Amino acid sequence: MKKPLNLTLPHARRIWLHAQRLDEREPFGAGPEATRKAVEQLGYVQIDTINVIERAHHHILFTRIPNYRRSDLTQAQSVDKSVFEYWTHALAYVPVRDLPFYLDEMKQHRSEPMRWYADADPNDLKKLLRQIRKDGAISIRDIDTDELVEKDHPWGSRKPSKRVLQYGFFSGELTISERIGMVKTYELMARHFGKLPKASTERQIDTYLLDRALTSQGLISGPSVMHPKLRFSSELARQIETRRRKKALLPVTIGDDPTLHYATPEALETPEPEGPPLVHILSPFDPLAIQRRRTSLFFGYDHVFEAYVPKAKRKFGYFTLPVLAGDEIVAALDLKTDRAAGKVLIQAWHWVGKGNAAEHKTMLEEELGRFERFQLRD
């Protein structure tokens, strides 16, 4: 095989930032259509419950849609039905156009339940489905017949019916038709979407995973495509080799790291962004930060999520946000939104990498103002 092309770190970052659409201020426009376009470009947007600042899914979309409003996501999910919730490496918003690639996994969950709902009774699900079919979509708050139990983990529920709802959701009988905060409304899949498409084959799913990563990452590797797994499947490896032989994919390395990556010839031609460098305060669940090894390789920044670290042992703070300025991660901020006081509190401010007050403080403060306005926007 021909020796891989070696890319400089700035070149590699340029490709990834462009694929993530972080190299321009308003790449998708505004409104619910922008939300759909952003989710389709990224492949998925992770959902998280922590709300010391705005929740991760809204934060990730705001980073790429300056005039984003929470109602845009509600419209996309519940009215336009252009995005839906399902499991990728975590619970996430996924484009509805990609639904066929998840139907086989849903079917598998019916016979191989996950531990969160493994003890749910299929007969209870049948009863619940009959109720929803008759009375309409419900949330867990609408179920008042449970005998409450003790939680078995911090994210659990005292209502046993939660496991039944999860069973219906993961097995594809139910979908989340609306989300208000973290309260989910469950509807019958067929009633929400209408006639469901045909499930994709395993080969089609592998192709989808490959193409999704190429679109959202620009430069891909085994861990980046298979996250949180670390290696390509045998089928994906064959597909990559076929594309490499056709020169549709080119092998590359980045800086001094020997890890083999692949990119399309078009991605390698990604131009330099125009105008002054943009500043983005990133969610720790942003696609640019969630794969820690990849973030470390590209940016030389090792993010540690310290929300579950004892306070005395935290280095940066409870909910630290990486700050991107141009193509460098220059700071890590521990922020908290005080909604009653109408302001964002800076708990800690750390310069990292090439970050320094003389070069970056003014532009970062300007972005903090924009970020605060978003936090407090209705």
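Every number here is computed from the coordinates shown, using simple stated rules; none is lab data. Worth saying up front: this structure is predicted, and the values here are computed from it rather than measured. Cβ sites come from the backbone with ideal geometry, for glycine too, and all protein chains shown count toward neighbours.
Using unit Cβ charges (K, R positive; D, E negative) and no other charged atoms, how large, in debye to the nearest 20, is the dipole of segment 31-193 about its Cα centre?
With only Lys, Arg, Asp and Glu charged at Cβ, the dipole is about 260 debye.
Under 5 Å from the amide H of E306 lie the amide H atoms of T320, each residue being 5 or more positions distant or on a separate chain, with H modelled from the backbone and absent for Pro and chain starts. Using 1/(1 + (r/R0)^6) with R0 = 45 angstrom and r between the beta carbons of A357 and R231, what's the FRET efficiency to the nearest 0.05? After rounding to 0.05, the efficiency reads 0.60.
Across segment 1-93, the relative contact order, built from alpha-carbon pairs under 8 Å that are at least six residues apart, equals 29 percent.
Normalised by the number of residues in segment 264-323, the mean separation of alpha-carbon contacts (under 8 Å, six or more apart) gives a relative contact order of 32 percent. Kindly identify the chain as rounded, prolate or oblate by the Cα gyration tensor criterion: order the square roots of the eigenvalues as a ≥ b ≥ c, call it rounded if a/c is under 1.5, otherwise compare a/b with b/c, prolate if a/b is larger, else oblate. Taking the square roots of the gyration eigenvalues as a ≥ b ≥ c, the chain is oblate.
Calculated FRET efficiency, D135 and Y308, Cβ-Cβ r, R0 41 Å, to nearest 0.05?
Computed FRET efficiency for D135 and Y308 comes out at 0.55.
Partner aspartates and glutamates whose Cα lies under 18 Å from the Cα of K343, excluding those fewer than 8 positions away in the same chain, are identified as E54, D334, E365, E366, E367, E372, D378.
Relative contact order, whole percent, for the chain stands at 18, derived from Cα pairs under 8 Å and 6 or more residues apart.
Note on the chain: with a GNM built from Cα contacts shorter than 10 Å, the maximum mean-square fluctuation among Y308, Y318, Y68 falls on Y308.
The longest stretch of the chain left intact once loop-based GluC sites (Glu not before Pro) with at most 16 other Cβ atoms within 10 Å are removed from consideration, loops following DSSP, is 25-146.
Compared with the dominant principal axis of the Cα atoms in the chain, helix 100-111 is inclined by about 50°.
Dipole magnitude for the chain: computed about the Cα centre from +1 point charges on Lys and Arg Cβ and -1 point charges on Asp and Glu Cβ, it is near 700 debye. Residues I60, I290, I254, I50, arranged from fewest to most other Cβ atoms within 10 angstrom of their Cβ, appear as I50, I290, I254, I60.
Straight Cα distances below 24 angstrom link K37 to the lysines K81, K184, K195, K198, with same-chain residues fewer than 8 positions distant left out. Once you sort the root eigenvalues of the Cα gyration tensor of segment 31-193 as a ≥ b ≥ c, which label holds: rounded (a/c under 1.5), prolate (a/b larger than b/c) or oblate (the other case)? Cα axes put segment 31-193 in the prolate bin.
Applying 0.36 nm per residue to the separation of T242 and F193 and subtracting their alpha-carbon distance, the gain on full extension is 14.1 nm.
Pull out a ≥ b ≥ c, the square roots of the eigenvalues of the alpha-carbon gyration tensor of segment 279-376, then state rounded if a/c is under 1.5, prolate if not and a/b is larger than b/c, and oblate in the remaining case. Can you show the working numbers first?
Numbers: a/c = 1.64, a/b = 1.15, b/c = 1.42.
Since a/c reaches 1.5 but b/c is at least a/b, the shape of segment 279-376 is classed as oblate.
Counting only DSSP H runs of at least 4 residues, each contributing -39500 (n - 2.57), and dividing by the residue count of the chain, the helix-based mean residue ellipticity at 222 nm comes to -11000 deg cm²/dmol. Residue order for S71, S171, fewest other beta carbons within 10 angstrom first, comes to S71, S171.
Short to long, the 5 Å bins of the Cα pair-distance histogram for segment 1-92 hold 3, 13, 21, 21, 16, 10, 6, 5, 3, 2, 0 percent of all pairs.
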